Amino acid sequence: MTGPDMNAPIRKIAAVLTAVAAGAGLTACAGAFEPRTDPTSPVAPRVDALVAANREYPRWADFPKTLEPVPEPAAISARVATLGTAGGELAAAAARIEWQSNEDPAAFAADVQARVAAVEVTPVTAETAAAIEEFARRTRERGRAPPPVDRR
């Protein structure tokens, strides 16, 4: 016998063997879900008592109830529509932004620096910036490689 019909029994046998192997593997793992306490252990009675006392925990009754009522589908739909409208407005606002500047970069940088310089810095912010700079300086000093060893 030749052709496609010849491989059919081989496929069936392979499928049965695979199912048997999977079943055997799952059966072997079943013991891992029932851990046992070593009866010779001095804490075994206490462990068994704690396990027995908490065998049924947690129960659905122990979970807190929701305090907020579940919104109606119409309210959810209205919220989704509002979010869609807000998203459209945001996309329109982003489309109005001029993302590519055709002006002189040096003039733009000078304008930005002037606007930043016009804002007063609070003393706490200045102290923080000075502390950060001091920390960075100390870190760079610590990160400097030691001088080479004289091998003479």
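Step by step: first the residues of segment 1-51, then only those that are part of a loop (DSSP other than H, G, I, E, B) and surrounded by 10 or more Cβ atoms within 10 Å (Cβ to Cβ), then the one that is modelled with the lowest pLDDT. Which residue is that? This residue is Thr37. Applying a threshold of 9 Å to beta carbon distances and a minimum spacing of six or more residues, or different chains, the list of pairs starting in segment 41-55 at a residue that is free of Cβ contacts under 8 Å to residues at least 12 places away in the same chain and ending at one that is in a helix (DSSP H, G or I) and exposed (fewer than 10 other Cβ atoms within 10 Å of the Cβ) is empty.
When you scan segment 56-152 for helices (runs of 4 or more DSSP H) that lie fully inside it, which ones turn up with 1 or more residues that are more than 33 Å from the chain's Cα centre (by Cα) and surrounded by 10 or more Cβ atoms within 10 Å (Cβ to Cβ)?
105-118, 123-143
The values are calculated or read from the model by the stated rules, or taken from the named source; none is laboratory data. As the structure is a prediction and not an experimental result, all values here were calculated from the model. Cβ atoms come from the backbone with ideal geometry, glycine included; neighbour counts cover every protein chain shown.
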